[in-house]
1. Which ones in segment 92-114 are without any contact (Cβ under 8 Å) to a residue 12 or more places away in the chain, in a loop (DSSP other than H, G, I, E, B) and either closer than 14 Å to residue 353 by Cβ or over 25 Å from the mean Cα position of the chain (by Cα) (or both)?
2. For residues that are of a type in the set (Asp, Glu) and either touching a strand residue (DSSP E or B) at 6+ places or on another chain (Cβ under 7 Å) or closer than 20 Å to residue 277 by Cα (or both), scanning just segment 180-197, find the one that is surrounded by the fewest Cβ atoms within 10 Å (Cβ to Cβ).
3. Taking the stated definitions as given, is residue 310 in contact with a Lys or Arg (Cβ under 8 Å, 6 or more places away or on another chain) and closer than 22 Å to residue 359 by Cβ?
4. Taking the condition at pLDDT 95 or above and either closer than 16 Å to residue 385 by Cα or among the aliphatic types (A, V, I, L, M) (or both), does residue 19 pass?
5. Among 150, 129, which is the only one that is out of contact with any Ser or Thr (no Cβ under 9 Å at 6 or more places or on another chain), closer than 26 Å to residue 20 by Cα and either exposed (fewer than 14 other Cβ atoms within 10 Å of the Cβ) or in contact (Cβ under 8 Å) with a residue 12 or more places away in the chain (or both)?
6. When you scan segment 63-91, how many residues do you find that are within 19 Å of residue 438 (Cα to Cα) and not in a helix (DSSP H, G or I)?
7. For segment 248-265, name all the residues that are touching a strand residue (DSSP E or B) at 6+ places or on another chain (Cβ under 7 Å) and in a helix (DSSP H, G or I).
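The values are calculated or read from the model by the stated rules, or taken from the named source; none is laboratory data. For clarity, every value in this text was computed on a predicted model and none was experimentally measured. Cβ placement follows ideal geometry from the backbone for every residue including glycine, while neighbour counts extend to all protein chains displayed. The accessibility values were calculated without ligands, DNA or RNA, using every heavy atom of the protein model including side chains. Shrake-Rupley method; radii C 1.70, N 1.55, O 1.52, S 1.80 Å.
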Amino acid sequence: MFNKEYVNVYGAGLAGCEAAWQLACRGIKVKLYEMKPHKYTPAHHAEGFAELVCSNSLRSDRLTNAVGLLKEELMRLDSLIMEAAYATRVPAGSALAVNRDDFSAYITEKIKNHPNIEIIEKEVSDIEEGTLTIIATGPLTSSPMAEYIEKTLGCEGLHFFDAAAPIVSADSLNMDIVYAASRYDKGDPDYLNCPMTREQYDAFYTELITAREAELHDFDRDMQKELKVFEGCMPVEIMAKRGYETLCYGPLKPVGLVDKRTGEEAFAVVQLRKENAEGTMYNLVGFQTHLAFPEQKRVFSMIPGLENAEFLRYGIMHRNTYLDSPKYLNADYSMRENENIFFAGQMTGVEGYIESTGSGFVAGVNAAMRMLGEDKVIFPKTTMIGAMAEYISTGNMSGNFVPMNANFGIVEPLGYKVKGGKVAKYEVIAARSLDVLDEYAERLGAKNNEIRKKEVTQNEDNS
């Protein structure tokens, strides 16, 4: 049983605002808690809701890009965040970028003026029991709330930093170079191996140790001081700087990895490990890194077999509070042990503005369904919004759950080949997703669905 009078939403970022809006538009009373302007995280400075603390770009707007498809799905489902993004758009080529002040102001005005939403400016350190709740307090959740989530709600092992290796698309690998094998041929050949000659390693090593690192926020600098040299999750570029052959005795160790095509061990070998059961994604083993994203693309593409690799997620190493979600969350973002409590935003292990919005949408809609006594809305894995929910609730092959951006590697495979290359394949996946989304948009009474379908058709005809 739970209180049927209102739902509590904690946090007025992208996810919290989207969740509150979806509830309010379905006639549900919402109490939205936000600690600003009384208290700010190290990354936040403005009073408005849905503050963009990093880039003002919401990334690609094309359907053949994973986040572009997620945007289109959210637009068709009447997302407030997407409505605000297009209303405050600024020129940025094929990307959707916004005027960050106007974007925040648009959302703040909508939220504050909705009759079903009550704003409570207060820092919270616990939640109201017996009331449906959505926790969307973000990756910089204050210590009291983080402690409550971990100890009282039983979400043990709340992470406080990311140290994750890049992930590449399987179909972008050069299999003329890459070969499958396990070390000493023990067990199944579960790893893909990228062999390097001494000359190739020398060129790669030189670029790796001189590559540009990502800029640090103040709170990331504090995290680095606390963790010092990141022993146990050391960035590959730092490890390399300890000596020319350090990597050859570590993650690039070639011993026991014989390329059966040559019958020899290489000077160094980069191993790739499956990231999902379908084998559409592979991570670079031991390549957690703090290099800037363009530098990761440039340097890691020097690895034989990765010349044309599509990076589905770049390596990351920064402070980030998130759940080991596959242990604790369902595909509607509710807790397995207490379905009256939902999580949304980056705390769930989605990475990025639009991904956070998507999680807030799913959590908000399903909290509304609970209040109205209706069935859950579980989007299928053939949609990007459903694939993200599936990922956070089931995890990956390695069992080491890390945050993930929207990407085509987590979507249900087509099961057949598409002529015309990668873009043609993504066009088919996007068309399938939007066809499937139709019935969900109809069930949810989305007004934008038919409008967007006509606009996309017109754009295709014009092009």
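1. Across segment 92-114, the qualifying residue is only 113.
2. Result: 188.
3. no
4. yes
5. None of the other options fit; the residue is 129.
6. 5
7. 248
Here's the yes/no breakdown for (1) open to solvent by 80 Å² or more (accessible area, probe 1.4 Å); (2) modelled with pLDDT of 75 or more:
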{"site": "160", "(1), (2)": "yes, no"}
{"site": "199", "(1), (2)": "yes, yes"}
{"site": "202", "(1), (2)": "no, yes"}
{"site": "210", "(1), (2)": "yes, yes"}
{"site": "223", "(1), (2)": "no, no"}
